[in-house]
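Quick one: the structure is below, questions incoming.
The values are calculated or read from the model by the stated rules, or taken from the named source; none is laboratory data. This is a predicted model, so every value here is computed, not measured. When we count neighbours, we look across all protein chains shown, and the Cβ atoms used for this are built from the backbone with ideal geometry, even at glycine. Heavy atoms of the whole protein, side chains included, go into the accessibility calculation; ligands, DNA and RNA do not. Shrake-Rupley method; radii C 1.70, N 1.55, O 1.52, S 1.80 Å.
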Amino acid sequence: MPGTAPRRAASDPLATYRYKRDFTRTREPAGATVPVASLPAGNRFVVQRHRARRLHYDFRLEMGGVLASWAVPKGPTLDPSVRRAAFHVEDHPLEYYDFEGVIPAGEYGGGDVIVWDAGTWDHYYQREGRDPVDAVGHGELHMELDGQKLKGKFVLVRTSVDDAGKESWLLLHKKDEFVVAGWDAEEHPRSVLSGRTNDEVKADPDRLWRSDLPAAEAAIALHPPTFEPVSRAELRALDRIGVAGRWEVFGHEARLTNLDKVLFPPRGREKPVTKRDLVRYAAQIAPTLVPYLTRRALNMHRFPNGVGTTGFWHKELPGHAPSWLARWDNPDADQGETLTYLVVDEPATLVWVANYGALEWHAWTSRVEDPNRPTYALVDLDPGERTTWPELLALARLHRTAFEHLGVEAWPKLTGRRGIQIWVPVETGPSFDETREWVERVSRTVGAVMPELVSWKWQVRDRSGLARLDYTQNAINKTLVAPYSPRAAPGAPVSAPIEWDELDDPGLRPDRYTIRTILRRLDERGDLFAPVLTTRQRLPTLH
Ligand code: MN
């Protein structure tokens, strides 16, 4: 059963808008030439080069709250001696305005789409009180285009309507200062949004258009989003709040409580970590961390009274949560199971999570669109009481060697407690059963090299203190702690990504980095885990 997209609380009139803004944000496009998102709404136009069953250009004019649309097989031209055939097609939702990406095969219009031109337009006669929607109804629309490629006066004229109601029109450019004789759209094939061609977009699309979803949710980001860092002014404002108050951060108002409560006791001679420290860290790490959480259900490990008290898993989003938080209803939830999960899709949400007393952040390994198909295969090297750190490192190195041998790219991180995890990004496709079986086979092979270190027993007490190579987390609703998440331990250690060669660093420890030290490492080394977000690979068959 396919999953549904996250939804917003219906009580928020801007929910749809925010939802779209967040999820359609993509990485900075290379060579962007048009700030499409900042064009004033109301009289925008777009021309999309669309390779469906047949190549055509979709010429779309914003009017009456929709995109009135014509399919132009040969594309518009600046040559006034050429008239292009155009076919009036169904209106498109405004959300489609800047869509560039892929429409899945088998869906209506399946193929690839680029934003070939975009800008604003004027209806000549609008000042005389004539409505462009009426002009289209009357079969003649005069317009002045101000795009990147198309400029000047254009006319759309209806020439015939067949028995089935299919309207044939002509699109022509009038003689004006923008005339270019012999101008052919096919000689100007690049997107004004990304600088890319249809072939380039098809090979590595940023977005997918799911026409089975509501328009506001149909554009699915395939690349990690990018976020602005928290500003110094915002951090100063946090410091000025007393024990509780409202904090304007990342464009939202977060209500903060008990800011001076100690959540993590100190490690050694360090100062204890308060909720204010955790909230500040959440805001600082969010632009790096949110891409690992977005479009995934979040399981929160809450310790409202701090480390040392009993923590508990919190999955159901509480009714009092602010309406701007993205959420997802699990369509497969049985009676008594969690239905509505939080989805951390923007930095402000992580601030809310921290204030809620969630000290550890664990996202699902599948996305909400396809909850039964993981995007990562996970290896969890779980030390037993007798496992020494050098032994755990040896097991990690063996996995590295195995993955190299198999030609699989994998990234290690410290758990922040005692272990090491290895994440293997996979192209969506295999089921959890398949990734689990694959990881089990790799780990059993590795374990056979050092059998004296490893137990395959389920129960901790049966393991005789040996390490466990845990493949069982490759299952729906099982999670491993997210990279950069704090851990519920003194000093607020974090789960820190490392480079493979750091396994040989004698100073390495699984809880080496804390919320006080990881940001500097991130500054110096960058996000070592970032390739996990963009790598798509198939797991090779194991013999
Ligand atoms: Mn089309």
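Could you tell me whether region 469-543 comes out rounded, prolate or oblate from its Cα gyration tensor? Rule is a ≥ b ≥ c as square roots of the eigenvalues, rounded for a/c under 1.5, then prolate if a/b exceeds b/c, otherwise oblate.
Prolate, since a/c reaches 1.5 and a/b exceeds b/c.
Would you give the gap between the C-alpha center of region 522-543 and the C-alpha center of region 283-334, rounded to a whole Å?
Here the answer is 24 Å between Cα centres.
For region 419-463, what is the accessible area per residue in Å², given a 1.4 Å probe and the full set of protein chains?
In whole numbers, region 419-463 has 51 Å² accessible per residue.
For region 403-417, in order, what is each residue's ³J(HN,Hα) by Karplus, 6.51 cos²θ - 1.76 cosθ + 1.60 with θ = phi - 60°, in whole Hz (x at glycine and Pro)?
Once rounded to whole Hz, the list reads 5, 4, 4, 7, x, 9, 8, 8, 10, x, 8, 7, 7, x, 10.
Take the cross-link list Lys174/Lys202; Lys149/Lys202; Lys261/Lys457; Lys202/Lys478; Lys271/Lys478 and give me the ones stretching past 31 Å between alpha-carbons.
The answer is Lys174/Lys202; Lys261/Lys457; Lys202/Lys478; Lys271/Lys478.
Rg and Dmax in Å for the chain, alpha carbons only: what are they?
Just the Cα atoms of the chain yield Rg and Dmax of 27.3, 88 Å.
Where does the Debye-calculated log10 I(q)/I(0) of region 374-543 sit at q = 0.16, 0.19 Å⁻¹, using only Cα point scatterers of equal weight, no solvent?
Each listed q corresponds, in turn, to -0.95, -1.35.
Any chance you could check the Cα centroid distance between region 38-57 and region 221-272 for me, in angstrom?
41 Å
Then there's this: Give the shape of region 224-363 as rounded, prolate or oblate, defined through the alpha-carbon gyration tensor: a ≥ b ≥ c are the square roots of its eigenvalues, a/c under 1.5 means rounded, and otherwise the shape is prolate if a/b is larger than b/c and oblate if not.
Oblate, since a/c reaches 1.5 and b/c is not below a/b.
Hey, another quick one. Could you give the radius of gyration (one decimal) and Dmax (whole number) of the Cα atoms in region 343-388, in Å?
15.2, 42
Calculate the length of the line joining the C-alpha centroid of region 408-485 to that of region 491-521, in whole Å.
So the separation of the two Cα centres works out to 20 Å.
Determine the order of Lys457, Lys151 by accessible area, beginning with the largest, at a probe radius of 1.4 Å.
On the way: Lys457 110, Lys151 65 Å².
From most accessible down to least: Lys457, Lys151.
Can you give me the three principal axis dimensions of region 15-214 from its C-alpha atoms, in Å, biggest first?
40, 37, 35
How many percent of the accessible area of region 15-214 is carbon or sulfur, using a 1.4 Å probe?
Numbers: 4810 of 9510 Å².
Accessible surface attributable to carbon and sulfur in region 15-214 totals 51 percent.
Report, to the nearest whole %, how much of the accessible area of region 374-543 belongs to carbon and sulfur atoms, 1.4 Å probe, protein only.
That fraction is 48 percent.
Tell me, what does the Kirkwood hydrodynamic radius of region 288-412 come to in angstroms if you use every pair of distinct C-alpha atoms?
Taking the inverse mean of 1/r over all distinct Cα pairs, region 288-412 comes out at 16.9 Å.
Using the Cα centre of the chain as the reference point, and only Cβ charges (+1 on K/R, -1 on D/E), how large is the resulting charge dipole? Debye, rounded to the nearest 20.
1680 debye
Still on this model: Taking the Cβ of Ala410 as the centre, find all other residues whose Cβ is under 15 Å away and add up their charges (Lys, Arg: +1; Asp, Glu: -1).
Residues near Ala410 contribute -1 overall.
Let me ask something else about it. Just the ratio, please: alpha-carbon radius of gyration of region 172-211 over 2.2 N^0.38 Å, N its number of residues.
Taking N as the residue count of region 172-211, the ratio is 1.66.
Another question, then. Name the residue farthest towards the positive end of the dipole of the chain from the options Pro80, Asn43, Trp411, assuming +1 on Cβ of Lys and Arg, -1 on Cβ of Asp and Glu, about the Cα centre.
Trp411
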